[in-house]
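Engineer: Got a structure for you, questions after.
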Amino acid sequence: MCQRTLFLVGALLSLYFLFAYRPLSKRVRALDAPLTNAWQKLLAAELENGAVDPQHLGQIAENLRQVERSVSLLESTARKVAGRIELDAPVRAKLKEPFQLIDFQNERQLRTEELGRLAKQNQVAVESAVFAGFPEHTADRRRPELLWGQLAIVNKLLSAAIACKVASVKSLGLPPIEPHQSQSDGREFLDEIPVRIELAGSMESIWRYLLCLPLRAEELKPLGLPESFPTRPVLFIDRLMVRKQVPEKPDEVSLELRVCGFVYRDDSAGTPH
């Protein structure tokens, strides 16, 4: 229970850094320059009029340095969060290139075949509806390059389920992608990619699966968790429901889960907003 609580708290703090600290950092940085200039002009004017005691200038300067250190810490935290949630470099490169449908279809087919093979080797039953739910191009899709992000997230979800040896994967769904706007200028800088998945298995395998999703490679081994699956991107658990399968087998449960991954826009990756 303690581990579960820490896990959920960690996920909530990560989301807080992303959606509270990151926009705040951009606003602080945007306001910092004109504020500093105005402050310097005010000091000059007050000194000229004799309204400021020169003995207080040292304390005023120290206060300014404290503000600068706080801004620097805030921006450093935002960069760390950005690095944690970003996709693998090859996927990020695909996002920046002009979308090629044939390349995506080939990769999609490769992923389904590889996951089907791994599932069979590990005796994990994957329903046909799961592979049918993989991301697919449609004529009305506004930003087709985000299909690469969806595919990476789906690949991690299923690879982790197989590595954790759940009993079965029953369904997969892709809700609409949700863009997020900067609070400072209203510009869209981040896309939230949600995925729904339903699994069944022992409580131990389900618990291990949930622990894997928000962790990076270096964090899995100390916890004795499997490392034989893509560890990027880090995923955030949005909501979940765990139910017993049958009263006669209390350790077997089904899991309905919604997770989210994130993709930065090209001109905003790694910069505070």
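The values are calculated or read from the model by the stated rules, or taken from the named source; none is laboratory data. Computed from a prediction, not measured in an experiment: that's the story for all the values here. A quick note on method: Cβ atoms are made from the backbone with ideal geometry, for glycine too, and the neighbour counts reach across all protein chains shown. Accessible surface is based on the protein model in full, side chains and every heavy atom, while ligands, DNA and RNA are left aside. Shrake-Rupley method; radii C 1.70, N 1.55, O 1.52, S 1.80 Å.
Engineer: I need the full set of residues from segment 240-273 which are modelled with pLDDT under 75, crowded, with 16+ Cβ neighbours inside 10 Å and within 12 Å of Leu95 (Cβ to Cβ), in order please.
Structural biologist: Ala269
Engineer: Answer with yes or no whether Arg232 is at negative phi, open to solvent by 10 Å² or more (accessible area, probe 1.4 Å) and part of a loop (DSSP other than H, G, I, E, B).
Structural biologist: yes
Engineer: Kindly provide the set of residues from segment 153-187 that are open to solvent by 50 Å² or more (accessible area, probe 1.4 Å) and under 20 Å from Tyr264 (Cα atoms), ordered by number.
Structural biologist: Once the filter is applied, which keeps residues that are open to solvent by 50 Å² or more (accessible area, probe 1.4 Å) and under 20 Å from Tyr264 (Cα atoms), segment 153-187 yields Leu174, Pro176, Glu178, Pro179, Gln181, Gln183, Ser184, Asp185, Arg187.
Engineer: Consider Trp207 against the criteria (1) more than 17 Å from Ile153 (Cα to Cα); (2) among the aromatic types (Phe, Trp, Tyr); (3) touching a Ser or Thr at 6+ places or on another chain (Cβ under 9 Å): it satisfies all of them except one. Which criterion is unmet?
Structural biologist: Of the numbered conditions (1) more than 17 Å from Ile153 (Cα to Cα); (2) among the aromatic types (Phe, Trp, Tyr); (3) touching a Ser or Thr at 6+ places or on another chain (Cβ under 9 Å), the odd one out for Trp207 is (3).
Engineer: Considering segment 84-127 alone, what residues qualify as being open to solvent by less than 40 Å² (accessible area, probe 1.4 Å) and assigned to a helix (DSSP H, G or I)?
Structural biologist: Of everything in segment 84-127, those that are open to solvent by less than 40 Å² (accessible area, probe 1.4 Å) and assigned to a helix (DSSP H, G or I) turn out to be Ile85, Val91, Leu95, Phe104, Thr112, Leu115, Gly116, Ala119.
Engineer: Condition first: touching a residue at least 12 places away in the same chain (Cβ under 8 Å), of a type outside the set (D, E, K, R) and over 23 Å from Glu219 (Cβ atoms). Now tell me which residues in segment 71-97 satisfy that.
Structural biologist: Val71, Leu74, Leu95
Engineer: Within segment 128-144, track down each residue that is open to solvent by less than 20 Å² (accessible area, probe 1.4 Å) and either in a helix (DSSP H, G or I) or among the hydroxyl-bearing types (Ser, Thr, Tyr) (or both).
Structural biologist: Result: Val130, single match.
Engineer: While we're here: Can you name the residue in segment 145-181 that is part of a helix (DSSP H, G or I) and small (Gly, Ala, Ser) and is also farthest from Leu255 (Cα to Cα) among such residues?
Structural biologist: Top of the filtered list is Gly149.
Engineer: Looking only at segment 176-206, count every residue that is free of Cβ contacts under 8 Å to residues at least 40 places away in the same chain and touching a strand residue (DSSP E or B) at 6+ places or on another chain (Cβ under 6 Å) and tell me the total.
Structural biologist: Final tally of qualifying residues: 4.
Engineer: Spot the failing condition for Ser184; the list is (1) within 24 Å of Glu114 (Cα to Cα); (2) modelled with pLDDT under 85; (3) assigned to a loop (DSSP other than H, G, I, E, B), and only one is missed.
Structural biologist: So Ser184 meets the others, but not (1).
Engineer: Scan segment 102-117 and report the pairs whose first residue is in contact (Cβ under 8 Å) with a residue 40 or more places away in the chain and whose second residue is open to solvent by less than 40 Å² (accessible area, probe 1.4 Å), with Cβ atoms within less than 6 Å and a gap of 6+ or a chain change.
Structural biologist: Pairs that qualify, where the first residue is in contact (Cβ under 8 Å) with a residue 40 or more places away in the chain and the partner is open to solvent by less than 40 Å² (accessible area, probe 1.4 Å), are Phe104/Leu147; Arg108/Phe134; Arg111/Asn155; Leu115/Leu158.
Engineer: On to the next question. Filter segment 193-213 down to the residues that are open to solvent by 20 Å² or more (accessible area, probe 1.4 Å) and either in a strand (DSSP E or B) or of a type outside the set (Phe, Trp, Tyr) (or both) and list them by number.
Structural biologist: Correct list: Arg196, Glu198, Ser202, Met203, Glu204, Arg208, Leu211.
Engineer: Follow-up. Between Pro230, Pro222, which is touching a Ser or Thr at 6+ places or on another chain (Cβ under 7 Å) and at pLDDT below 85?
Structural biologist: The match here is Pro230.
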